[in-house]
Amino acid sequence: MKNAKESKTPKGWWRSMAIAATVVLGTGAIAYGWLRLRPSPLSSPQEGAEAVPAEAIMALYIEMDASVWGQLERFGTPEAQASVETLIAEFQQDLAQDTQLDFNRDLKPWIGNVMLALVPNTEGDRQRLLAIVGIRDKIQALAFANRVKGSQDKELQEETYRNTTISTVTMAPQSGKESTEPESYSIAVLGDYLAVGDRPDVVKAAIDTAKDNTSFAREGQMRDLLRSQPVETPLLQAYIANLADLQELDGSESPPAEFAETTPGAIVAGIGVTEIGLHLRTLLSVPEESSLNTPIQPLANSRIDRFPDNTLALIEGSHLDQTWTQWTEWVEQTPEGNALLAQLRAGVAQFGIDIDREIFAPLDGTFSLGVIPVAGGRPGLSSTLGVGAMAFIESSDRTTLDASLDKLGTLAQEGFGLPIGIESTTLENVSITQWTLSMFGVAGETLLGYGWPEANLLALGITRPMVELALTPPTNNLAQNSTFTQIEERFPPSYGGRMFANVEAIRNSLDLVTLQTQEVLTPEAVILLETIQGVGMAASPAEEGVSALDIHIPLVLAD
């Protein structure tokens, strides 16, 4: 796949997009107060999309308002801020060498908001990048244009297309570099913004779009989705007209028609700043005829009160039976997927288990799964691992699920070649079944235990402490955790499932110095872990054919 892409894309082709690429660099600079610009004339994604051809595969809108990006200064450790500044400085220096432009001198004084778009190329099979750049200060922009015209290391050619001047700038080869095709970019002024492309035909397409009113903004469902602002204070917003078209980017063959019908349609995603950190939201439009257009059921009967407040990670959802059926229908649309699914079913069937009927079919209620630290000092496997896991699963078919667990227990005894025993006992007045391991002088170490504390609720625990915890509600539960609470209160009122990772607790349970010394973690990864407090994700039911996925990332406040 990688080779296919490289064969279609000349090495370093993006460098010729001098202004567009440098603008992307500028968005990072804004975060540290380098840009102090007034509101851009390109004030909304809709306005930028008016110059993007209707056949565009995707578009990215970049907010250049310094007051928005400046809010990021409230977050991050000193190490994180210094690391980002270093990366930006290095990237800016490398880009200046490739494009022969100085961001602070050439672009900073006049650029506004930006819309980047990926446009099919009618003259070949390589995609083209089009940038629509707002002109905040026309005098400064004119001064930049005059410097380009007077530059000795750039060749300027101009042509008129539909009463609009297109300027193509070709940069002279730089000393010390291998001889390659000269890099160039084309620019045209369209009112209060520029159209920038790596070839004149891309800019001509933008001119046609603006003059003929046939744009990305007027194309089908994108017309409505462009009006929706996924996050309150956006930094970046991305728009994908048809997810199936993205497959063309890697040079693979077009999917069969029946597969395309089950693929999600348009996508709108945004990332913005909140009082606690970052908010990412994705809106997904699914065609009515798609098999994926199955409503997400709102999460009911949450078991959040059964997990302690120091839980490291949690996932909750419902109706795994429906999710499995939906996934298998989607996979079966291609010969490769159908073959893979057949192999999976046959492999499980070798152990006398029907994966559809005996594993997933009984999982028709809510489920909760959590990873929890185990305090040291206790003998056995749990203390060695330092963590355990427990789960709660609702099922209306207890008989089938019990029978499946019995089969899995027999398989564990006979298939692993280990002295695993199956024991029945009582704990907290609940009958439980335990898989135990006896070896290395340890007798009856619990690997897995499960029971039914309620008629339709199965509780499972990995290691003995987790079995005990699953049957004894904690004094302080996860709902009282401050990181979890500040994420939870920002989720939509009704959602079908959620995921939470307490990054701060995970970080505190790890020896970061040792992991970095042993090269398990890079210095950059350590800095990232020290900046993020947690991550929360929630999927919301569809409304009028559009479902949503929200991700909140609380960040450490700056000193």
Within the range 310-322, the residues that are assigned to a strand (DSSP E or B) and within 9 Å of Phe367 (Cβ to Cβ) are Ile315, Glu316, Gly317, Ser318
Between Leu340, Leu363, which is out of contact with any Cys (no Cβ under 8 Å at 6 or more places or on another chain), free of Cβ contacts under 8 Å to residues at least 12 places away in the same chain and either among the aliphatic types (A, V, I, L, M) or not in a helix (DSSP H, G or I) (or both)?
Leu340
Residue list for the range 294-309, filter: modelled with pLDDT of 80 or more, open to solvent by 70 Å² or more (accessible area, probe 1.4 Å) and assigned to a loop (DSSP other than H, G, I, E, B)
Asn301
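Conditions (1) modelled with pLDDT of 85 or more; (2) out of contact with any Lys or Arg (no Cβ under 7 Å at 6 or more places or on another chain); (3) open to solvent by 50 Å² or more (accessible area, probe 1.4 Å), marked per residue:
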| position | (1), (2), (3) |
| --- | --- |
| Asp201 | yes, yes, no |
| Lys204 | yes, yes, yes |
| Ile207 | yes, no, no |
| Ala210 | yes, yes, no |
| Ser215 | no, yes, no |
| Arg218 | no, yes, yes |
| Arg223 | no, yes, yes |
| Gln229 | no, yes, yes |
| Leu236 | yes, yes, yes |
Can you name the residue in the range 148-162 that is polar (S, T, N, Q) and either farther than 14 Å from Ser184 by Cα or surrounded by 14 or more Cβ atoms within 10 Å (Cβ to Cβ) (or both) and is also modelled with the lowest pLDDT among such residues?
Gln152
Looking only at the range 499-525, and only at residues there that are modelled with pLDDT under 90 and open to solvent by 80 Å² or more (accessible area, probe 1.4 Å), the one that is nearest to the chain's Cα centre (by Cα):
Glu524
Any idea how many residues of the range 389-434 are of a type in the set (D, E, K, R) and touching a residue at least 24 places away in the same chain (Cβ under 8 Å)?
5
All but one of (1) over 23 Å from Val84 (Cβ atoms); (2) in contact (Cβ under 8 Å) with a residue 24 or more places away in the chain hold for Glu489; state the number of the condition that does not hold.
(2)
Selected residue (criterion: nearest to the chain's Cα centre (by Cα)) from residues of the range 466-478 that are touching a residue at least 12 places away in the same chain (Cβ under 8 Å) and outside any helix (DSSP H, G or I):
Asn477
The condition of being modelled with pLDDT under 85 and assigned to a helix (DSSP H, G or I) holds, among Gln92, Gln71, only for Gln92
Please go through the range 410-450 and pick out each residue that is over 17 Å from Gly388 (Cα atoms), in a strand (DSSP E or B) and modelled with pLDDT of 85 or more.
Ile420, Gly421, Ile422, Glu423, Ser424, Thr425, Thr426, Leu427, Val430, Ser431, Ile432, Thr433
Taking the range 538-559 and keeping residues at pLDDT 80 or above and either assigned to a helix (DSSP H, G or I) or open to solvent by 40 Å² or more (accessible area, probe 1.4 Å) (or both) leaves Leu549, Leu557
Select from the range 165-183 the residues that are surrounded by fewer than 20 Cβ atoms within 10 Å (Cβ to Cβ) and closer than 20 Å to Ile132 by Cα and write down the one among them that is modelled with the highest pLDDT.
Thr165
Considering only the range 388-395, I want to know if a residue exists there that is out of contact with any His (no Cβ under 7 Å at 6 or more places or on another chain) and open to solvent by 50 Å² or more (accessible area, probe 1.4 Å).
no
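Every residue, every condition in (1) surrounded by 22 or more Cβ atoms within 10 Å (Cβ to Cβ); (2) under 20 Å from Leu437 (Cβ atoms), yes or no:
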{"residue": "Gly451", "(1), (2)": "yes, yes"}
{"residue": "Leu457", "(1), (2)": "no, no"}
{"residue": "Leu460", "(1), (2)": "no, yes"}
{"residue": "Arg464", "(1), (2)": "yes, yes"}
{"residue": "Leu469", "(1), (2)": "no, yes"}
{"residue": "Pro474", "(1), (2)": "no, no"}
{"residue": "Gln480", "(1), (2)": "no, no"}
{"residue": "Phe484", "(1), (2)": "yes, no"}
{"residue": "Gly497", "(1), (2)": "no, no"}
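The values are calculated or read from the model by the stated rules, or taken from the named source; none is laboratory data. This structure is a prediction, so every number in the text was calculated from the model and none was measured. Cβ atoms come from the backbone with ideal geometry, glycine included; neighbour counts cover every protein chain shown. Side chains are part of the model used for accessible areas, which takes the heavy atoms of the whole protein and leaves out ligands, DNA and RNA. Shrake-Rupley method; radii C 1.70, N 1.55, O 1.52, S 1.80 Å.
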